[in-house]
Amino acid sequence: MNTIDHHWERFTLKQKLSRYAVYLVLVMAFVQSVQSVEVIPEFLLDAPEQMGDMFSRMWPMDFAYYPVAVHDAMIETLNIATLGTLITLIFAIPLALMNARNIVDSALCQWISRFFLVSSRSVNSLVWALLFVSIFGPGVIAGVLAIAFRSIGFIGKLLGEAIEEVNMGSIEALKATGASWFSILLKGYWPQVLPAFFSIVLFRWDINVRESAVLGLVGAGGIGVVLDDSMNLFQWDRVAVALLAIFVIVILAEIVVVNIRKRLM
Amino acid sequence: MAGINKDRENPFKHNWFVSSIWLLVVCYVLYTFNAMDLSWGRINEGFGHAGNLLGRMIPPNFSRWSLLLSGLVESLEIAVISSICGIFISLFLGLFAARNMMPSWISSPVRGVIALCRTFHPVIIAILFVKSVGFGALAGILTLIVASIGFIAKLFAEAIEEISLKQVEAIRATGAGFTSIILFSVMPQVFARFIGFSTYQLDSNLRNSTMVGIVGAGGLGGTLFSAFQRFDYDFVAAILIIIIALIMFGEFLSNIVRRIFR
């Protein structure tokens, strides 16, 4: 009389070993990094005191500074984010079309578009801003273009994926009527990706509002310039006002976007 | 016969709502171009500079590779330490923020903390940390820990909220304690998604670790920023190439990890 005694295991030996290998590598990397990173312990012990000092300098906030400089800079920041998001579309839509396998069925095109999308995403918006500041000089243009170039990768990738998920039935129906390539794009694909398109663009706009608030630190316009100036002059009460303004705008932008997206979906 | 077509609704009806949005967008663009003094003259002038800049960037100058390497190693260290600490903290915060696991007097304040971590851009957090712990890698590490918490603790909490409670109940019926319930009924359901979020966060910390240096928080960003300020554009090009290579390598690695844990 044999009872059932086989041992149940969730993972195979190979799965287990490869998982443990990942853990091991992580632990090793962590230990190695902690040992070799240059951290001055005195600074860490000092941190709470310094933090307290900073916040005591921030309070009370210099609200009188808001109408003088912060308000206009905040509007400029919003404009940079919005204009940047719109300009992105000029580049991102063609790249998304090239990246979608059901529209352009060519490996070469896909590689080209993927190259542009990945390099756009890999370079941080602050680095893009540095590049454009050295091209166009300090100012709003650099900020707008930095936002635009950083967003290409994000919008292009997500939009390309949305296009690939389109229901091909209506596309085939349009093809059967002899519609031109452009008409198929406009009347077949576009209505189907419309909600995804607006949702992606709004999502990116939300991120861009956050990002455009810091571009001024490298001279690309917006609230960051005010922040940088006040910080260089150690006017922490003005820094606090600028930070509060950024906080409020970011929260408002998120609320707006979440509500619109809820309606779209 | 001619009447048939008129009865039928046009399938390609004009969507006035969308058209009016586009019209608004066009008006907005025209308005802001005026309000922000963006003129074609200036943009045109910029293109000349762009050619100039590209000319000076090529060929990239790798002769100061030791400086480049030390910045790169520091960026990597910042990314590794902050990701592991950030993920570890997020595991707990995510659990505490999940509304189906915790009573609301625990989950609401934890959610507030997570939202606060998410609101500010890492660079702003980096500035505050540079002020409080001084220049160097420590400020970068703390910044990216905060950024990681803001992003993945939220995703962890959402993942936990979507689990099926049947398995939780089954484990609870065996008389298991709280830790066992978490380990044997919650974790198996969400672990694969956690790995996905974590590898994504590792990628994004890698990207950000090359940027926080711009405000003095250590890593390759500081090297990049000073190269920009000294107009060493050929060195800038070398750094940018290294950053892009690093990030592509990071994506490659996280794809492997994701495949192992699928």
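The values are calculated or read from the model by the stated rules, or taken from the named source; none is laboratory data. Keep in mind that this is a model prediction, so the values were computed, not measured. No Cβ is skipped: glycine too gets one built from the backbone with ideal geometry, and neighbour counts run over all protein chains shown.
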Q.
Which condition from (1) more than 8 Å from every other protein chain (Cβ to nearest Cβ); (2) of a type in the set (D, E, K, R); (3) in a loop (DSSP other than H, G, I, E, B) is the one that A:Glu38 breaks?
A. (1)
Q: Mind checking which helices (runs of 4 or more DSSP H) fall wholly inside the stretch B:161-217 and carry at least 3 residues that are surrounded by 13 or more Cβ atoms within 10 Å (Cβ to Cβ) and within 12 Å of chain A (Cβ to nearest Cβ)?
A: B:187-209
Q. Does A:Ala245 count as more than 9 Å from chain B (Cβ to nearest Cβ), in contact with a His (Cβ under 9 Å, 6 or more places away or on another chain) and buried (at least 20 other Cβ atoms within 10 Å of the Cβ)?
A. yes
Q: From the list B:Ala217, B:Ala227, B:Ala176, B:Ala170, pick out the single residue that is in contact (Cβ under 8 Å) with a residue 24 or more places away in the chain and of a type outside the set (S, T, N, Q).
A: B:Ala217
Q) Among the listed residues B:Phe225, B:Phe261, which satisfies the condition of being over 24 Å from A:Ser36 (Cβ atoms) and within 10 Å of chain A (Cβ to nearest Cβ)? A) B:Phe261
Q. Out of (1) free of Cβ contacts under 8 Å to residues at least 40 places away in the same chain; (2) exposed (fewer than 14 other Cβ atoms within 10 Å of the Cβ), what's the single condition that is false for A:Ala47?
A. (2)
Q. Within the stretch A:91-113, can one find any residue that is within 12 Å of chain B (Cβ to nearest Cβ) and assigned to a helix (DSSP H, G or I)?
A. no
Q. From the list A:Gly178, A:Gly139, A:Gly156, A:Gly160, which one is more than 12 Å from every other protein chain (Cβ to nearest Cβ) and more than 17 Å from the chain's Cα centre (by Cα)?
A. A:Gly178
Q. Do we have A:Val123 as crowded, with 20+ Cβ neighbours inside 10 Å, within 14 Å of chain B (Cβ to nearest Cβ) and among the hydrophobic types (A, V, I, L, M, F, W, C) here?
A. yes
Q: Scan (1) more than 13 Å from chain B (Cβ to nearest Cβ); (2) farther than 23 Å from B:Arg207 by Cα; (3) crowded, with 19+ Cβ neighbours inside 10 Å; (4) within 18 Å of the chain's Cα centre (by Cα) for the single condition A:Ala196 breaks and write down its number.
A: (3)
Q: Among the numbered conditions (1) buried (at least 16 other Cβ atoms within 10 Å of the Cβ); (2) within 14 Å of chain B (Cβ to nearest Cβ); (3) in contact (Cβ under 8 Å) with a residue 40 or more places away in the chain, tell me where A:Leu131 comes up short.
A: (3)
Q. Would you pick out the residues in the stretch A:50-81 that are free of Cβ contacts under 8 Å to residues at least 60 places away in the same chain, of a type in the set (Gly, Ala, Ser) and within 14 Å of A:Arg238 (Cα to Cα)?
A. A:Ser56, A:Ala64
Q) Of the residues A:Gly216, A:Gly188, A:Gly221, which is on the phi > 0 side of the Ramachandran plot and either crowded, with 21+ Cβ neighbours inside 10 Å or assigned to a helix (DSSP H, G or I) (or both)? A) A:Gly221
Q. Can you name the number of the only condition in (1) hydroxyl-bearing (Ser, Thr, Tyr); (2) touching a Ser or Thr at 6+ places or on another chain (Cβ under 6 Å); (3) closer than 23 Å to A:Leu217 by Cβ that B:Thr199 fails?
A. (3)
Q) Is it fair to say A:Gly216 is touching a residue at least 40 places away in the same chain (Cβ under 8 Å) and small (Gly, Ala, Ser)? A) yes
Q. Within the stretch B:116-141, how many residues turn out to be touching a residue at least 12 places away in the same chain (Cβ under 8 Å) and either of a type in the set (Lys, Arg) or within 18 Å of B:Ile160 (Cα to Cα) (or both)?
A. 1
Q.
Quick check on this structure: which one of A:Asp62, A:Asp72 is surrounded by fewer than 22 Cβ atoms within 10 Å (Cβ to Cβ), touching an Asp or Glu at 6+ places or on another chain (Cβ under 6 Å) and among the charged types (D, E, K, R)?
A. A:Asp62
Q: May I ask you to say which residue of B:Phe184, B:Phe194 is aromatic (Phe, Trp, Tyr) and more than 19 Å from B:Ile260 (Cβ to Cβ)?
A: B:Phe184
(Q) Take the conditions modelled with pLDDT under 85 and aromatic (Phe, Trp, Tyr) and apply them to A:Phe136. Does it pass? (A) yes
Q: State whether one or more residues within the stretch A:55-77 are within 12 Å of chain B (Cβ to nearest Cβ) and under 24 Å from B:Thr210 (Cβ atoms).
A: yes
Q.
Checking the condition in the same structural domain as A:Leu86 (by TED's automatic domain parsing) and touching a Lys or Arg at 6+ places or on another chain (Cβ under 9 Å), which residue from A:Lys187, A:Lys157, A:Lys175 passes?
A. A:Lys157
